[in-house]
Amino acid sequence: MDKKTRDILITNFLAILLGLILSGIMVLFLKKNPLQVFGILFSSMFRDGYTIGEIFVKATPLIFTALAFAFTFKANLFNIGAQGQFYIGSITAVTVSLLIPSPFAIPLAIIFSFLISGIWAGFIGFFKSKFKANEFLISMMSTYVALNFMNYLLRTTLMENKGEYPQTESLVKSTWLFKIVPHTRLHFGFILAVVAAIIVWLILYRTTLGFRIRAVGQNQEAARMSGVNPERIYILAFFISGGLAGLAGVTEVNGVQHMLLQGFNPSIGALGIGIAILANAHPIGIIFASILFGALHVGGTIMGQLSGVPSSIINLMEGFVMVFVIISYFVRKRWEQNREKKLLKEGI
Amino acid sequence: MIVNLLSRAMMMSTPLLFGSLSEVFSERTGVMVTAIEGIFLMGAWAGFTAAYITGSLALGILFAALAGLSVAILYAFIVVTLKQHQIVTGTAINILIIGLCSFLQRVVFGVPLSPLTVEPLKKIALPLLSKIPLIGTIFFNQNILTYSIYILVPLGFFILYKTSLGLVIRSTGENPEAVDVSGISVSKVRFMTVAASGIMCGIAGAFYSIGYLGMFTTNIIGGRGWIAFAICFLGNWNPIGAFIGTLIFGLAEAFAILMQSNSATMLPNELFIALPYILTIILTISRKSFNVPSKLGTAYIKEN
């Protein structure tokens, strides 16, 4: 293991540990024993097969939204609208599955969710390349537009026949993503997410497109000099990024909820950004970071039921971990500089 | 009805002005306060909680300012002192604050059986001025925070363009090396400006909880911090531009509230709720001549 990888592992481990300790201190405010609370947290994660399966169920959409952020991040672009792209993907997936109540709906939902959320996000890249519009602002705002569009559809065209709640009809069983482990909710979507992460890694590090994306990310003008068209890269990077976030819609609609309902998974976009930061935007690292966050969520929900500590402690814990992870970037750089100085001195 | 709409527009512009004006100042030093959404939320929570417990709205605003300041100091420590990435740091802090506010809400209030409310800030009709037809009701029958924007805009403009402090602030974002050479610490200027922005944005957040709704929920801000952030861009990093921008967005928001309560309309409610966000996208695309501070978003690393 080289020194850099070792540094990343050590500092991230410390960041997670510090995040846990600080949230443990917060638990004291509730007059509970943090050690006991964390004991429940960790033991409840692994209490049975079903719960372990839930960890991977929760990790699945997070892998997609984190990949979405990481992909544009490599081109030094900021797609913080993954939440909205996820909603567009969910709308597409539920529409396809309601129109075609047969197993054919699954591949079609995957293809169309990718395409339509890709096009939705591709517009952000297009505005950036054509009008020099700030992609950070537009992607942020597009989430609220997508959310209101979804709420509108759930109240009108897509609303259940009973007309009682803002949600769609349930999908017929043949359009559900099949289970990969019996007696759990773990579905094919997790495999899809892992495959997506590997494909993203291949695109970024083994293809010309990936090379161009990273070149634009490192030095846009130098990339332009060497014949890369950054404007085209903006659109392509946003298209792929949006498509990835859209796939989270398929795994949640066809794999977990089996319907679309209002106010569903409201924070996977933001968590995806945190996971991408934790994983240093590395596609394979994202799989593991997502599983970690998934485990915290599952453990936190059960902990909330068992110990009376509100499950919002999990968001708090994730927030602390993310802040420490960012600080650890600083620590790593310091270590790196010290090593270089030492080498330099020994050389003299 | 028009008078009512415009009066509400003035009111809804208030927190956006607090937010975008502080964003103008910090971005002029080269630091985007991307934690603005979290600072708004923290201010809204602290303001509500202090007002509920003490029964004093003034103490509520004071606590909101302090809470905003603390979040801003954390943000400034990471991006100015440790020189980490501004957008990434802001996102992390925003997630942290959502968790923190819902957790603290539970710690302080438990699970209340009925919604907790405070009496929001009262409108104060200014003597004489409020008697002017139309204008009086729109501009001079508002709460104290709205009145303060009449002072803040010209004051902000004056500080930024007519004082030596303003010159230092503007130079820090354009040419930090020159500021450094003249013996002023770039990091100190940036840190202090972000901290001051935190105070303003904390108060802006409290406007939503205790200035207007009289209650707190964790989705009370709902992207308004980001809209204030956008207004700073759209107003070309100028206090007057920010003022015009906040009036437009205040009007859009007041219009949305009016249309939602008006059931006779043909268009869906959701369209009106999304209106300020759609407006931001359209304006961001159509603005051509931006006057971006040249070192915006980049950390200053001193050459040895």
- Taking segment A:1-29, which residues are more than 23 Å from the chain's Cα centre (by Cα) and either open to solvent by less than 40 Å² (accessible area, probe 1.4 Å) or among the polar types (S, T, N, Q) (or both)? A:Asp7, A:Gly24, A:Met26, A:Val27
- Message: Is it the case, given these coordinates, that B:Leu74 is more than 10 Å from chain A (Cβ to nearest Cβ), of a type in the set (A, V, I, L, M) and out of contact with any Gly (no Cβ under 6 Å at 6 or more places or on another chain)?
- Response: no
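Given the residues B:Ala92, B:Ala125, B:Ala65, which is the only one that is more than 14 Å from every other protein chain (Cβ to nearest Cβ) and modelled with pLDDT under 95? First the steps, then the outcome.
Values: B:Ala92 fails: more than 14 Å from every other protein chain (Cβ to nearest Cβ); B:Ala65 fails: modelled with pLDDT under 95.
Residue meeting the stated conditions: B:Ala125.
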- Task: Would you check if B:Ile285 is open to solvent by 30 Å² or more (accessible area, probe 1.4 Å) and either within 14 Å of another protein chain (Cβ to nearest Cβ) or not hydrophobic (A, V, I, L, M, F, W, C) (or both)?
- Result: no
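Condition check: modelled with pLDDT of 85 or more, assigned to a helix (DSSP H, G or I) and away from chain B (no Cβ under 14 Å). Does A:Phe69 satisfy that? Spell out the reasoning first.
On the way: modelled with pLDDT of 85 or more: yes; assigned to a helix (DSSP H, G or I): yes; away from chain B (no Cβ under 14 Å): no.
Answer is no for this residue.
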- Note on the structure: When every residue in segment A:323-348 that is more than 10 Å from chain B (Cβ to nearest Cβ) and hydrophobic (A, V, I, L, M, F, W, C) is compared, the one surrounded by the most Cβ atoms within 10 Å (Cβ to Cβ) is A:Trp335
- For segment A:164-184, enumerate the residues that are in contact (Cβ under 8 Å) with a residue 60 or more places away in the chain and assigned to a loop (DSSP other than H, G, I, E, B). A:Tyr165, A:Pro166, A:Thr168, A:Glu169, A:Ser170, A:Leu171, A:Val172, A:Trp176, A:Leu177, A:Val181, A:His183, A:Thr184
- Item | Flag for A:Ile314 being facing another protein chain (nearest Cβ under 10 Å), free of Cβ contacts under 8 Å to residues at least 24 places away in the same chain, within 21 Å of B:Ala92 (Cβ to Cβ) and under 19 Å from the mean Cα position of the chain (by Cα) | yes
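Hey, among B:Gly202, B:Gly173, which residue is part of a helix (DSSP H, G or I), open to solvent by less than 10 Å² (accessible area, probe 1.4 Å) and either farther than 19 Å from B:Phe157 by Cα or within 14 Å of chain A (Cβ to nearest Cβ) (or both)? It would help to see each step written out before you state the result.
Details: B:Gly173 fails: either farther than 19 Å from B:Phe157 by Cα or within 14 Å of chain A (Cβ to nearest Cβ) (or both).
Only one candidate qualifies: B:Gly202.
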- Just one listed residue, out of B:Phe249, B:Phe207, B:Phe229, is out of contact with any Asp or Glu (no Cβ under 8 Å at 6 or more places or on another chain), buried (at least 23 other Cβ atoms within 10 Å of the Cβ), in contact (Cβ under 8 Å) with a residue 12 or more places away in the chain and within 13 Å of chain A (Cβ to nearest Cβ), and it is B:Phe249
- Output yes when any residue across segment A:103-111 is open to solvent by 10 Å² or more (accessible area, probe 1.4 Å), over 23 Å from the mean Cα position of the chain (by Cα) and farther than 23 Å from B:Leu275 by Cβ, and no when none is. yes
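Restricting attention to segment A:250-264, report how many residues are surrounded by 24 or more Cβ atoms within 10 Å (Cβ to Cβ) and outside any helix (DSSP H, G or I). Let's see the steps before the verdict.
Just the residues of segment A:250-264 that are surrounded by 24 or more Cβ atoms within 10 Å (Cβ to Cβ), to begin with: A:250-255, A:260.
Adding the requirement that they be outside any helix (DSSP H, G or I) leaves A:260.
Qualifying residue count, segment A:250-264: 1.
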- Message: List pairs: first residue in segment A:2-18 and closer than 12 Å to A:Ser328 by Cα and without any contact (Cβ under 8 Å) to a residue 60 or more places away in the chain, second residue assigned to a helix (DSSP H, G or I) and open to solvent by 90 Å² or more (accessible area, probe 1.4 Å) anywhere in the structure, Cβ distance under 9 angstrom, at least six positions apart or on different chains.
- Response: none
- Message: I'd like the full set of residues that are open to solvent by less than 20 Å² (accessible area, probe 1.4 Å), touching a Ser or Thr at 6+ places or on another chain (Cβ under 8 Å) and closer than 27 Å to A:Gly255 by Cβ, limited to segment A:30-53.
- Response: A:Ser44, A:Met45, A:Thr51, A:Gly53
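Listed here are the residues, each with its yes/no results for (1) open to solvent by 10 Å² or more (accessible area, probe 1.4 Å); (2) small (Gly, Ala, Ser); (3) closer than 14 Å to A:Gln262 by Cα; (4) within 11 Å of chain B (Cβ to nearest Cβ).
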| residue | (1), (2), (3), (4) |
| --- | --- |
| A:Leu137 | no, no, no, yes |
| A:Met141 | no, no, no, yes |
| A:Phe149 | yes, no, yes, yes |
| A:Leu153 | yes, no, yes, yes |
| A:Thr156 | yes, no, yes, yes |
| A:Gly163 | yes, yes, yes, no |
| A:Gln167 | yes, no, yes, no |
| A:Val172 | yes, no, no, no |
| A:Trp176 | yes, no, no, no |
- Item | Residue check, A:Phe320 surrounded by fewer than 22 Cβ atoms within 10 Å (Cβ to Cβ), assigned to a helix (DSSP H, G or I) and either facing another protein chain (nearest Cβ under 7 Å) or touching a Pro at 6+ places or on another chain (Cβ under 7 Å) (or both) | no
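Have a look at A:Ile80, A:Ile91 and point out the one that is within 24 Å of A:Gly263 (Cβ to Cβ) and more than 11 Å from every other protein chain (Cβ to nearest Cβ). Let's see the steps before the verdict.
Details: A:Ile80 fails: more than 11 Å from every other protein chain (Cβ to nearest Cβ).
Every option except A:Ile91 fails the conditions.
Which fully enclosed helices (runs of 4 or more DSSP H) of segment B:1-115 have 2 or more residues being in contact with a strand residue (DSSP E or B) (Cβ under 9 Å, 6 or more places away or on another chain) and in contact (Cβ under 8 Å) with a residue 24 or more places away in the chain? Break it down into steps so the answer makes sense when it comes.
Values: elements: B:2-28, B:36-54, B:57-76, B:86-109.
Here the list reads B:2-28.
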- Note on the structure: The residue that is nearest to the chain's Cα centre (by Cα), considering only those in segment B:1-37 that are open to solvent by less than 30 Å² (accessible area, probe 1.4 Å), farther than 17 Å from B:Gly241 by Cα and among the β-branched types (Val, Ile, Thr), is B:Ile36
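Among the helices (runs of 4 or more DSSP H) contained in segment A:185-249, which hold 1 or more residues that are surrounded by 20 or more Cβ atoms within 10 Å (Cβ to Cβ) and within 23 Å of the chain's Cα centre (by Cα)? So that I can check it myself, show each step before the final result.
On the way: elements: A:189-206, A:208-218, A:220-225.
Hits in segment A:185-249: A:189-206, A:208-218.
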- Note on the structure: Selection from segment B:127-143 of residues farther than 17 Å from B:Ala9 by Cα and not in a loop (DSSP other than H, G, I, E, B) yields B:Leu129, B:Lys131
- What is the one condition in (1) within 26 Å of A:Ile180 (Cβ to Cβ); (2) open to solvent by 10 Å² or more (accessible area, probe 1.4 Å) that A:Gly304 does not satisfy? (1)
- Selection count, segment B:176-196, where residues are open to solvent by 70 Å² or more (accessible area, probe 1.4 Å) and farther than 23 Å from B:Ile39 by Cβ: 3
- Item | Scan of segment A:6-49 for residues that are basic (Lys, Arg) and closer than 30 Å to A:His183 by Cβ, ordered by number | A:Arg47
- Task: For segment B:190-224, enumerate the residues that are at pLDDT below 95 and farther than 14 Å from B:Trp45 by Cα.
- Result: B:Gly223, B:Arg224
- Hey, could you check segment A:30-53 for residues that are of a type in the set (A, V, I, L, M, F, W, C) and under 30 Å from A:His282 (Cα atoms) and say which is farthest from the chain's Cα centre (by Cα)? A:Phe38
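The values are calculated or read from the model by the stated rules, or taken from the named source; none is laboratory data. It should be emphasised that the depicted structure is a prediction, and the values quoted were computed from it without experimental measurement. Cβ coordinates were reconstructed from backbone atoms using ideal geometry, including for glycine residues, and neighbour counts include every protein chain displayed. Heads up: the accessible areas ignore ligands, DNA and RNA and are worked out on the full protein's heavy atoms, side chains in. Shrake-Rupley method; radii C 1.70, N 1.55, O 1.52, S 1.80 Å.
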